[in-house]
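The values are calculated or read from the model by the stated rules, or taken from the named source; none is laboratory data. Just so it is clear, the structure is predicted and the values come from calculations on it, not from any experiment. Cβ: placed from backbone, ideal geometry, glycine included. Neighbour counts: every protein chain shown.
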Amino acid sequence: DVQLLESGGGLVQPGGSLRLSCAASGFTFSDSSMQWVRQAPGKGLEWVSAITSSGDRTSYAASVKGRFTSSRDNSKNTLNLQMNSLRVEDTAVYYCVGGGVTARKFDPWGQGTLVTVSS
Amino acid sequence: DIQLTQSPSFLSASVGDRVTITCRASQGISSSLAWYQQKPGKAPKVLIYAASTLQSGVPSRFSGSGSGTEFTLTVSSLQPEDFATYYCQQVNSYPLTFGGGTKVEIK
């Protein structure tokens, strides 16, 4: 079965850091662009970042650029999101997602991991 | 950035109704639009991509149409399991953006 499993969420103080990971299985991870999408409590979906299949290029939403860094390890089928200088407004469920512009869709989706930024 | 405006933001309908949701893009995006369904506490799932291509496993009562700046998602006969929130998304250019969502509730 195709599966994306996020980990690393939790409670962090404003200004702190957190590293999310996503373990992929059931598909050829190294062939797939990957994304992070977040959803604040009770709000809509917000695209956060993208990384190419080889990991040589990344893109970020303006709201996180310079603070978040996406990376991947194709030998371990793992996607990571390093989040620094966290703000209260970064509080959200973070989803790891496959696909992107080339695939013309986001699929599959992980179950999400909750990040709460609060003092 | 490309803005996506969904309408309506809320829709009350009955089982068996035909339902249409509209998504308008602030600039032309060809057919680079996808539709997602999200139920409470769950991750979104793709229904339609490339504006009108039905994702494998999605019931045929769902259909998508449009190109350029105006798109629609239609559910031909609403079923109990279709009550959810629906989002459009443009995959034409970064930053990739989502519409604000349409919540479909039971009348």
Select the strands (runs of 3 or more DSSP E) contained entirely in chain B, then report the ones holding at least 3 residues which are under 26 Å from A:Arg57 (Cβ atoms) and at the interface with another protein chain (Cβ under 9 Å from one of its Cβ atoms). B:33-38
Any residue in segment A:71-84 that is within 23 Å of A:Leu11 (Cβ to Cβ) sitting within a Cβ distance under 7 Å of a residue that is part of a loop (DSSP other than H, G, I, E, B) and not aliphatic (A, V, I, L, M)? List the pairs, counting only those 6 or more apart or interchain. A:Met83/A:Ser17; A:Met83/A:Arg67; A:Asn84/A:Ser17; A:Asn84/A:Arg67
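With B:Thr74, B:Thr97 as the choices, which residue is touching a strand residue (DSSP E or B) at 6+ places or on another chain (Cβ under 6 Å) and either under 23 Å from A:Arg38 (Cβ atoms) or in contact (Cβ under 8 Å) with a residue 60 or more places away in the chain (or both)?
Values: B:Thr74 fails: either under 23 Å from A:Arg38 (Cβ atoms) or in contact (Cβ under 8 Å) with a residue 60 or more places away in the chain (or both).
Answer to the selection: B:Thr97.
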Condition check: more than 14 Å from chain B (Cβ to nearest Cβ) and either more than 25 Å from B:Gln89 (Cα to Cα) or part of a strand (DSSP E or B) (or both). Does A:Leu114 satisfy that? no
Sole residue being facing chain B (nearest Cβ under 9 Å) and modelled with pLDDT of 95 or more, chosen from A:Phe106, A:Phe29: A:Phe106
Any residue at all in segment A:55-71 that's in contact with a Pro (Cβ under 8 Å, 6 or more places away or on another chain), among the hydroxyl-bearing types (Ser, Thr, Tyr) and more than 24 Å from B:Gln38 (Cα to Cα)? yes
How many residues of segment A:44-65 are assigned to a loop (DSSP other than H, G, I, E, B) and touching a residue at least 12 places away in the same chain (Cβ under 8 Å)? The answer is 7
Do we find a residue being acidic (Asp, Glu), within 26 Å of B:Thr53 (Cβ to Cβ), within 13 Å of the chain's Cα centre (by Cα) and within 14 Å of chain B (Cβ to nearest Cβ) anywhere in segment A:44-62? yes
